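Written out below as structure tokens is the structure these notes cover.
No value in this document is a laboratory result; all are computed from the given coordinates. Being a predicted model, the structure only gives us computed values, none of them experimental.
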Amino acid sequence: MELVKIEDLIEKYFQGETSIAEENELRTYFSSSNVAQHLEQYKPLFGFYAFAKEQQFTSQVPQLPKAGNIKRNATWLSLAASVVVLLGIGTYAYYSADVVNKSQDLGTYDDPEEAFRATQKALSLLSDNVNVGIESVKYIQEYQTTKDKIFIDTKKQSGGS
């Protein structure tokens with residue numbers, strides 16, 4: 001009779017429907033020496049709890065450093081980070097100032113004739129690019145005119161106003 005009850009409890013255990021008392025009963029049964037042979041496979045599962053209960057933690061837990069040491073380390077760490085940031089900003093400023101000084105030569109000319117030729121060349125280049133833009137606008141106007149003709153013809157054919 002007890003064997004049938006244990007089998008039912010095992011079935012309930014795997015379905016997740018056992019109570020704490022029923023699980024304790026299963027642990028007690030499987031920790032005994034008279035376990036049915038076809039239930040031997042479950043013995044390590046329920047025997048683990050008894051084994052775990054006997055184990056004790058014997059290692060030493062390391063002590064955390066005192067709060068004063070942590071504050072002191074944090075102070076040094078923040079000081080070092082500030083120095084690194086300041087060095088980065090200084091390096092950036094040094095190299096960017098050098099680049100700005102080189103780029104301030106905007107093509108100034110001492111000879112007025114040479115300046116005049118350079119200005120004419122720049123304006124000619126600008127004019128060419130503006131003309132390309134104007135040609136594109138002409139294509140858009142052509143497209144708009146054609147579209148208007150198509151829609152007007154479509155409205156007339158459909159009887160619209």
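Key figures
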read-out	value
Residue-span extension gain [S31 to Q55] - 0.36 nm each, minus C-alpha spacing	7.0 nm
Extension reserve of the L79-K149 stretch, reckoned as 0.36 nm per residue once the Cα distance is removed	17.7 nm
Gyration tensor (alpha-carbon) shape descriptor, the range 8-59, a/c threshold 1.5	oblate
